[in-house]
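For reference, the structure discussed in these notes is given below.
The values are calculated or read from the model by the stated rules, or taken from the named source; none is laboratory data. Quick caveat, the model's predicted, so the values are computed rather than measured. Here the Cβ is made from the backbone with ideal geometry for all residues, glycine too, and neighbour counts use every protein chain on show. With ligands, DNA and RNA removed, areas are computed over all heavy atoms of the protein, side chains included. Shrake-Rupley method; radii C 1.70, N 1.55, O 1.52, S 1.80 Å.
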Amino acid sequence: MSSSSDSPANTPTFDSNAVSTTDSLSEGRLDSRDGSDEIVPKIEEIELQLLDVKPEPVADDTPISPTEPVRLRRARGRPRIHPPRFPTAASKAAKARSKTGCTTCRKRKKKCDETKPFCLSCQKNNIHCEGYKPVEIWRSGKERAAEARRMSVEVKFELPPLMGGVETDIDRTLLQHFVSRASAVLSLHNDQNTNPFTKILLPMALQHEGLMHSVLCLSASHLCSQAPSQEYEDRQVFHRGKALHLLNQDLQRQKAGEGGTMRYEDSNVAQILLHLLHAICDGNTSGEYRMHMIAARQIALNQKLQNPEFQNLFDEFFYYHWIASEITSLDGTEVPMMENFSLPFQINLETAGLIGVSDGLFGFISKISNLRRKLRTRIDEKIEPVMDYEALLTAHAIDTGLRNWVCPQTPNTPRYTLSMLYRQATWVYLYRTTKKSKPDPYIRSAVDDGIKYINELPAEGWIQSNVLLPLFLMGCAAFEEDQRFEINRAFSGLMAVTGLGNINSAKEVVDQIWHLMDIDDPDSWDWEKIIHQKGWDFLAT
C-alpha cells in the first residue's frame, strides 16, 4: 500500500474562503511531519501576534498559502483585547436646521439668508417677510417661574387726577351729579350758566381741594337719598372726613398767621355753606348744621368776602337758613333787621337763588318767630294774658305789612306763584302763633289757598326745592281731612322730585301735630317744643 503523501488525491488543498489561518497552519505542521524541510513557526507565536497586531486587508480572490508567513503591522498604543469595529461605509454628518431664520421662511420651510430686518429671500419672491423672533435669553426654571408670577399680576398705571379731590370713577360720577342734578335742587336756577352753585362755587372748588371734597360729599349725600348705594355712602364718608380735615388745617393756619384774629377765606366760607346744606340733604336730625350755622353767622356779621358775587350768594343762603332754623328750633337768637322788616342787605331779584329773602318775606317770618318765643315764655310762666298789649301791636304790624306787601316777581311765572305761596304760609304762621289751636274758617281758607298755589307749581326740582318750608307750615295748620290728603300728596311729590333727606323728618312732625289736633290738645301749635322733646334739631328747608 502506498503512503498517503504519495497519492495526489490525498494531497491537502486550502481554500481561503473555507478555512481560517489557524487551520492552515495546523495542516502545514502535519505536512512537515511527512518530510517537508520548510520551517514553520509555532502556532502559539502566531496567535500572540494576532492578538497584538492588526491584519492587513487582502483581496477576497487571493488564496492564502499555509506555508507563507503572515506579515502584520504592529499597532501603536496599548494592545486591545478585542479588535475595534470599523464602519462598513463612511456616514455623512447630519447638518442641524437653523432656527434663526425669519418667521416667513420657517413657516414655508425654506432656507433664509437671515438678512435684517427683512430677508432677501422673501423680497425676491415678493412675499411679506414677518421678520425675526426676538432672541430669548436662557433662564433657569426658578427664573422662569418668577417671571410667570410677575406676568400673572396685571400692571396698570392710573392717570393722575386732573382736579384735586376727584380721584376715582365714582368721584367723577358725583361731580357730574352735582352739576346736573344736586345744584338744581339747591337753587331756583335751572340753567347751569346762571345757577350760582355751578357758576360761582364750582370754579372755586377747582382751585381748592378741600372745597372740592365738600362738593363731592354733598353730591354723594343727595345721590344716596335717591339711589342708596354702599359705594356712594363710603365715598360720602371719605369726602366729608377729608373736607373737615382740610378745613380745620386752613383755619388753624389762618389763625396763626393773623396773630389770633380769624379771617376766613372765600373757599373756607364756601365749605361752611356746603356743610350746612349737607346736613339738609343727609336728613340729619341731631343738629349737625348748627356748628356751621354759628360759624357762618360770625362771618356774616363781622366780615366781608373778597368775591362780590359770592358775597351775595352767601348772604342770601345764610340768612334764609338762619331764619328758617327759628321755625323748627327753640334757639332764642334774634336776626338783626331794619324797622320795615327788611334785612340789612339787598339781593338782586334776577340773581336770587331762593324765595323769601330777596322779596322781603323772611323779615316777617323772623318777627313772627320772635313773637312765638315771647308767647311761649308767658305760657310756661303762666302769665296772663298770654297776648299782652305789646304782643298785639307786634301781630298787628306784621299783619298790616303782609297785606301791603307787593310781590316783586313777574306774574304768571313759577317764581311769582312760589312767592305768593310764601306770603300765604307767612300769614298761616302768624295765625297759628296768635290764635288758639282749633278749627276756624279763616285758617281753613288760608290753607286752601296755599294748597292751590302748591298745585300750580311745576313738578321740577329747581322750583320744588323751595316748597318744603311753606308746605311744612301749611301742614301744621291743616285741620281738615281733605287738606291733609293734599298735603300728603305734596310731601310725596316733593320727596320724589328733590330727594332731600329732611323731608321725611318734617312729615313725621306734621303727622304728630295732626294727632294732637285730633285730640284737641292745646299745645298742637307749638311744634318747636315737640321737635325738641323728640331730641331733634333739623332744618325744614
For region 131-139, in residue order, the Karplus 3J(HN,Hα) values (coefficients 6.51, -1.76, 1.60; θ = phi - 60°; whole Hz; Gly and Pro = x) are x, 10, 6, x, 6, 8, 8, 5, 9
Regression test value, accessible area per residue of region 200-258, probe 1.4 Å, units Å², expected 46 Å²
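Consider all pairwise Cα distances in region 95-244 and report the whole-number % of them above 24 Å.
That tail contains 60 percent of the Cα-Cα pairs.
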Contour minus Cα-Cα span, residue 404 to residue 373, at 0.36 nm per residue, comes to 8.6 nm
Of every hundred units of 1.4 Å-probe accessible area on region 148-297, the number belonging to carbon and sulfur atoms, as a percent, is 53 percent
So, relative contact order of region 207-298 in percent, Cα under 8 Å, 6 or more apart, is 33 percent
Expected sort for 203-214, 167-178, 136-147 on mean C-beta neighbours within 10 Å, highest first, is 203-214, 167-178, 136-147
Ranking 534, 99 from most to least accessible area with a 1.4 Å probe gives 99, 534
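In the structure shown, do any of 255/374; 382/452; 367/436; 452/529; 438/534; 382/438 have a Cα-Cα gap over 27 Å, and if so which?
The answer is 255/374; 382/452; 452/529.
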To the nearest 20 debye, region 345-444 has a Cα-centred charge dipole, built from +1 on Lys and Arg Cβ and -1 on Asp and Glu Cβ, of 340 debye
Quick calc, region 98-238, dipole around Cα centre from Cβ unit charges on Lys, Arg (+) and Asp, Glu (-), nearest 20 debye, gives 1700 debye
For region 475-536, the per residue accessible area (1.4 Å probe, Å²) is 43 Å²
For residue 110 the rounded accessible area (nearest 10 Å², probe 1.4 Å, non-protein molecules ignored) is 120 Å²
Measuring from its Cα centre, region 238-320 shows a charge dipole (+1 at each Lys and Arg Cβ, -1 at each Asp and Glu Cβ) which, in debye to the nearest 20, is 280 debye
Heavy-atom accessible area of region 347-505 with neighbours in place, 1.4 angstrom probe: carbon+sulfur share in percent works out to 54 percent
FRET efficiency for residue 382 and residue 298 from the Cβ-Cβ distance with R0 = 35 Å, rounded to 0.05, comes out at 0.40
With the dipole of region 375-488 defined by +1 on each Lys or Arg Cβ and -1 on each Asp or Glu Cβ, the option from 467, 450, 401 whose Cα lies farthest towards the positive pole is 401
Sorted list, accessible surface of protein heavy atoms, 1.4 Å probe, largest first, for 423, 415 is 423, 415
Long-range amide H partners of residue 537, meaning residues 5 or more apart or on another chain whose placed amide H is closer than 5 Å, are 286, 287
Along region 319-331, Karplus-curve 3J(HN,Hα) (6.51, -1.76, 1.60; θ = phi - 60°) to the nearest Hz, with x for Gly and Pro, reads 5, 4, 6, 5, 5, 5, 5, 5, 6, 10, 9, 8, 4
Contour minus Cα-Cα span, residue 207 to residue 128, at 0.36 nm per residue, comes to 22.9 nm
Phi-derived 3J(HN,Hα) across region 220-230 with the Karplus relation (6.51, -1.76, 1.60, θ = phi - 60°), rounded Hz, x for Gly and Pro, is 5, 5, 5, 5, 5, 5, 8, 9, x, 8, 5
